[in-house]
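Notes to accompany the following structure.
Please treat every number below as a calculation from the coordinates, not as lab data. Only a predicted model underlies this, so the values are computations on that prediction, with no experimental measurement involved. No Cβ is skipped: glycine too gets one built from the backbone with ideal geometry, and neighbour counts run over all protein chains shown.
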Amino acid sequence: MATKRKDGTEEFSSSHTRLLKSISPFSCLDSREFEELLHLIIDKRFHKNQVVLLEEETTRYMYIVYSGRVRVVHQGTEGSERILAVHKRGDVFGEMALLDGKTAPATVIAMEECEIGLLSRNDFQKYLLKNEKVLRQLIDLLCRRLRDSLLVLKAITLTDAEQRVRSILNHLSLLHGVRDDRGVVIALRLTHRELAAYASVSRETVTRLLHRMAQQGDLEMLENRNILLKPGFADKVDLL
């Protein structure tokens, strides 16, 4: 049961503690350090399609996704979006802006009901940046972010629309896929419009290409908009 703080934000019970202990950069903290930091994190709920943060707010907090999913988007003219990343339960974001004090050219929007923890810049600098073990985990995290960004950049510059969509699906499977005896399930529940925004193609193109790939036996659309990439899908991807 959530309780209200004086500032109107919600303070949840210990349900998030186990998750925090398992993710970087909190997993390397000792018991005392972890307990000190735990009481500084503000927990908030966000509704579907609610803006979590705007570009000008990115230097204020580090964010921890307790539940739900958010999309990081670059908003163009006339409300158009290009998805840069999707963050799910156990992911953190916003650390780069706290390190250099510069805003990030992106807006973060809840894709469904979300619970998110906020750690202020002052507390981030006081409790995390002075810890050598945390700094190493932050470096690892930033390196993964850079690699992911380069893969997405290479994918969306492909001239062939089908290869662009295949590359994005393959990339999502590496980040968010769950392997079973059927292949790899991308359990992100992306709509055709959201996938189109990720691959920088039209929604109609995504719908047509997904139908073609399904007919070819390369993938299967499952319940709740999950996508099953069947064995051999990656072999048809030009960009790995």
Cα-based helix-to-principal-axis angle, 203-215 vs the chain, degrees rounded to 10: 60 degrees
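Please give the charge dipole size of the chain, origin at the Cα centre, charges +1 on K and R Cβ atoms and -1 on D and E Cβ atoms. Round to the nearest 20 debye. Mind showing how you got there, number by number?
On the way: 37 positive and 34 negative charges, 27 e Å.
Here the size comes out at about 120 debye.
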Residues Cys28, Cys143, Cys114 arranged by fewest to most Cβ contacts within 10 Å: Cys143, Cys28, Cys114
Principal-axis tilt of helix 132-156 within the chain, Cα atoms, nearest 10 degrees: 20 degrees
Over the chain, relative contact order from alpha-carbon pairs under 8 Å, at least 6 apart, %: 17 percent
Angle in degrees between helix 161-176 and the longest Cα principal axis of the chain, rounded to the nearest 10: 40 degrees
Given (1) 28, 24, 18; (2) 40, 18, 16; (3) 34, 18, 18, the label whose value is semi-axes √(5λ) of the Cα gyration tensor in Å derived from this model: (3)
Whole-number Å³ per residue for the convex hull built on Cα positions in the stretch 113-240: 143 Å³
Cβ-derived FRET efficiency at R0 25 Å, Cys143 paired with Asp30, nearest 0.05: 0.55
Relative contact order (%) - the stretch 112-240, alpha-carbon pairs under 8 angstrom, separation at least six: 22 percent
Dipole magnitude of the stretch 84-171, debye to nearest 20 (Cβ charges: Lys/Arg +1, Asp/Glu -1, about Cα centre): 340 debye
Karplus-derived HN-Hα couplings along the stretch 185-201 (A = 6.51, B = -1.76, C = 1.60, θ = phi - 60°), whole Hz, x at Gly and Pro: 9, 8, 9, 9, 6, 6, 6, 4, 5, 5, 5, 5, 5, 6, 8, 6, 10
Residues of the stretch 35-72 with amide N under 14 Å of the 7 Å Cα→Cβ point at Lys130: 36-37
Leu53 long-range amide H proximity, modeled H, under 5 Å: Val108
